[in-house]
Amino acid sequence: MTVLVGYLPNPLGEATLRAGVEEARRRSEPLLVLNMSRDDVLVDARRAGVDDLARVERDVSELGVDVEVVQVEEGSDPADVIVGEASARGASVVVIGLRHRTAVGKLIMGSVAQRILLDARCPVLAVKEEVA
Amino acid sequence: MSTEATTAPEGTTPSGAGPLGRVRDRAQLGLCAALALAGVVVVVDASRLGEVTSSNDPVGPRAMPFLVGGALVVVAVLYALDVLRGGVGEAEAGEDVELGHRADWRTVGLLGGAFALNAVLIEPLGWVISGSLLFFLSAFALGNRHHVRGLAIGIALALGTFYAFAIGLGVNLPAGILQGIL
Amino acid sequence: MDNVNALLGGFADVITPMNLLIALLGVTVGTAVGVLPGIGPAMTVALLLPITYGLPVEQSLILFGGIFYGGMYGGSTTSILLNTPGESASVVTALEGNKMAKAGRAAQALATSAIGSFVAGTIATAAIVFVMPQVVDFAVTLGPPEFLAIILVAFVGTAAILGSSRVRGFAALLVGLALGLVGTDFVTGQQRLTFGSPFLADNIDVVVVAVGIFAVGEALWVAAHLRRKAGTVIPVGRPWMSKEDWGRSWKPWLRGTALGFPFGAIPAGGAEIPTFLSYLTERKLTKHPEEFGKGAIEGVAGPEAANNASAAGTMVPLLALGLPTNATAAIIIAAFMSYGIEPGPLLLTKEPDLVWMLVASLFIGNFFLLVLNLPLAPAWAKLLRIPRPYLYAGILFFASMGAYAVNAQPFDLFLLLGLGALGFAMRRFGLPVLPLIVGAILGPLVERKARQALQLTGGDASGLVGGPVAWVCYAFIVAVLVWPLVSRLRRGRGGDDDPPAGGDGENPSPEVELARATTTEGRAS
């Protein structure tokens, strides 16, 4: 069993990560930090740099949590990748960030968070942007 | 750099190689042949033109094609010599192009198909339908898997362009079977 | 001060709400396509040409001028933030600009490039006002033989100088000339290369050629080699510069302008050489040589100014002689012709209002660009997140719409696909695209001029070589063609990799390599 965190290189992502670390400690489970970027765009704001991921790994290890950092760069659907990885690793909980979206934004782009909430087979912990 | 040429980038040929060194990227010779053929076609086509010259037009319609066709053949030969001496044209790079691996012919074929389908359907079905299909199928060929979104964008684009350009600016776009509805 | 008065008249014509709106639209679209991967200003103008047939000629020219200038600005944004220059002329900007961005100075890099582009664009556009009429005064004294010679210089220039391989440049030029032959001969009415098809009898529309080669060819080429990974974009705030940055930027801006404008103005000058020269100059003159290669602001300011000044410079041969020296200018020539306006030395005499309005709109567009780009740079960077499938599907969509709209014939769509395949093959084999377009546009013109020249002399071939200007031109052509052979003989047997009909002979130093990379990448934009 493991705690899966969907990590993004922004304040919301850091808040998500903190919640994931707490969750991993509480459950005494290892932490899996997943950063997903789409392969069908020229740049993806979700993509974390190598330095970023190294820092995450170092910081979380220093907190005494068993951590693995994974970067996925294939596929065009972050929700699919996170849900798939969660069931493949047998995650006990998925921690994601929840961004505020306008009604129109939801309609046009859909919501990655919403898909994860609906499709994941395990509990999902959603960290809200206001908290970050 | 082209697919074959990546294994032998420029400068790897031993400097001792003779003037007729190793041919890199043989497909280039096919292009030379095509150029020469085009030159011959231009010349043959021109030679069947009537030689109409007059005081108004002392040159006639044949001179230019003869010149262009002949030059095409000459350039094809020079090009072939360049290739035989190991010359390689650098395939075009770009910000969204990755030349490391083989060309993805499946995608290109699907795009060509979508394009041809649009050409066939544009008059009977009209631009709104054929254009939506073109966008949807092209996006699919390029790896889009959000089918509903792809189709929705396609329809929105086709409708938008039809109203803005055909109706707004008077551009020639056929309404097809939707004539009267749009 | 006739020019200035005429220009003021042009301003008066441009400053109507509708025209200003169109200028704004042009620079916005231009910046957007400059930022977007895979779309350049030439492709955009080609795609928009058919759908602007409904607009008055003045407004479509304002639109195209805006796109032309806007594309330059947008291209520098991507080279700084991503290190993937969209325009060939931005390659040099990426050298220092991307390093600056990585060092956390993206805002300053964007600012110096935007303000430098504005300064250079304004000075160079002002230079058009004074230089262009002089060139016209000279050009109207030329007869058909001289004019023919000048066009031939443009041919040889685009084919032999701009590319990395002469033989490939000439192959592209000749294919373009052959495409220009298709159709009905304008004097005798005979069908050439139509193969009995009534669709071809009416000539292949230049718009279809341009859209096929630029848009469809490019989309197919990218589709075959699609990058399958996202890059990291460097986050930026609003561009700004400190006092020190201003102090280090203004001289490079002016030097870049001085280098860029003349290169743009001569046939076959292009933007690649001046941007590169400007980079070298700044590297030599800088007080901070240690920063070069690590993000020196001079290395962004100079080349960006050179780039924009050269873009403005291309307007001189375009408006004064009807000669296109880059791809976008070639399409604008096609636009003139599609409105039944013959570009050439008589343009300024016949359509003075149109020309001055276009120049005035360039000033205004340049100002809009500064206003649009300084605060909005972060927003433009968001455009890079459009999924590739939609982007390239969109290009094909607009390409087929435009090509169909030209003649309302489905046949043109098949022709477009064939030309797209040709464009694909050219990119695959490293044939430059610009000579083909120039050949297809100017080929029919050359034939007509040559036949007119011979008509005047009653068929005597000496009618083709009259006048000192023509002699200078032919001497230039011979020099360009013969020079590589001479230098080869002088140096004995050079490297085996050089194409026999030319190419750059010397052992490539890093700089030459860079210049070469610049020119090869220049073909698409």
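Here are the numbers:
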read-out	value
In the range A:54-68, the residues that are aliphatic (A, V, I, L, M) and in a helix (DSSP H, G or I)	A:54, A:56, A:60
Enumeration of residues in the range A:1-53 that are within 12 Å of another protein chain (Cβ to nearest Cβ), outside any strand (DSSP E or B), without any contact (Cβ under 8 Å) to a residue 12 or more places away in the chain and not acidic (Asp, Glu)	A:42, A:50
Subset of the range C:188-207 (residues that are of a type in the set (A, V, I, L, M) and buried (at least 18 other Cβ atoms within 10 Å of the Cβ))	C:193, C:200, C:204, C:206, C:207
Test: residue in the range C:443-451 that is more than 20 Å from residue C:197 (Cβ to Cβ) and open to solvent by 30 Å² or more (accessible area, probe 1.4 Å)	yes
Matching option when the condition is within 15 Å of residue C:448 (Cα to Cα) and either within 7 Å of chain C (Cβ to nearest Cβ) or β-branched (Val, Ile, Thr) (or both), among B:96, B:57	B:57
Given (1) within 29 Å of residue C:138 (Cβ to Cβ); (2) assigned to a helix (DSSP H, G or I), index of the condition residue C:300 fails	(1)
Unmet criterion (only one of (1) more than 20 Å from residue C:226 (Cβ to Cβ); (2) part of a helix (DSSP H, G or I); (3) open to solvent by 20 Å² or more (accessible area, probe 1.4 Å)) for residue A:81	(1)
Residue C:179 within 12 Å of chain B (Cβ to nearest Cβ), among the aliphatic types (A, V, I, L, M), open to solvent by 10 Å² or more (accessible area, probe 1.4 Å) and out of contact with any Cys (no Cβ under 9 Å at 6 or more places or on another chain)	yes
So residue C:377, is it more than 14 Å from chain B (Cβ to nearest Cβ), surrounded by 23 or more Cβ atoms within 10 Å (Cβ to Cβ) and farther than 30 Å from residue C:171 by Cβ	yes
Criterion (in contact with an Asp or Glu (Cβ under 9 Å, 6 or more places away or on another chain) and farther than 17 Å from residue C:327 by Cβ) met by exactly one of C:181, C:174	C:181
Condition broken by residue A:101, with the remaining ones in (1) free of Cβ contacts under 8 Å to residues at least 24 places away in the same chain; (2) away from chain C (no Cβ under 14 Å); (3) in a helix (DSSP H, G or I) satisfied	(3)
Subset of the range B:103-127 (residues that are at the interface with chain C (Cβ under 7 Å from one of its Cβ atoms) and not in a helix (DSSP H, G or I))	B:103, B:104
Filtered residues of the range B:135-144 (kept if touching a residue at least 24 places away in the same chain (Cβ under 8 Å) and in a helix (DSSP H, G or I))	B:137, B:138, B:140, B:141
Positions within the range A:1-57 being among the polar types (S, T, N, Q), in contact with an Asp or Glu (Cβ under 7 Å, 6 or more places away or on another chain) and at pLDDT below 90, in sequence order	A:37
Segments classed as helices (runs of 4 or more DSSP H), wholly inside the range C:148-265, with at least 2 members that are within 30 Å of residue C:130 (Cα to Cα)	C:243-265
Unique match (being small (Gly, Ala, Ser), in contact with a helix residue (DSSP H, G or I) (Cβ under 9 Å, 6 or more places away or on another chain) and modelled with pLDDT under 75) among C:421, C:440, C:515, C:450	C:515
The listed residue being β-branched (Val, Ile, Thr) and within 14 Å of chain B (Cβ to nearest Cβ), out of C:78, C:125	C:78
Tally, over the range C:49-60, of residues that are in contact with a Ser or Thr (Cβ under 8 Å, 6 or more places away or on another chain) and open to solvent by 10 Å² or more (accessible area, probe 1.4 Å)	2
Criterion violated by residue B:154 - all others in (1) more than 7 Å from every other protein chain (Cβ to nearest Cβ); (2) of a type outside the set (Val, Ile, Thr); (3) within 30 Å of residue C:410 (Cα to Cα); (4) surrounded by fewer than 20 Cβ atoms within 10 Å (Cβ to Cβ) satisfied	(4)
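The values are calculated or read from the model by the stated rules, or taken from the named source; none is laboratory data. For clarity, every value in this text was computed on a predicted model and none was experimentally measured. Reconstructed Cβ throughout: ideal geometry from the backbone, glycine too, with neighbour counts over all protein chains shown. These accessible areas exclude ligands, DNA and RNA; they are computed on the full protein's heavy atoms, side chains included. Shrake-Rupley method; radii C 1.70, N 1.55, O 1.52, S 1.80 Å.
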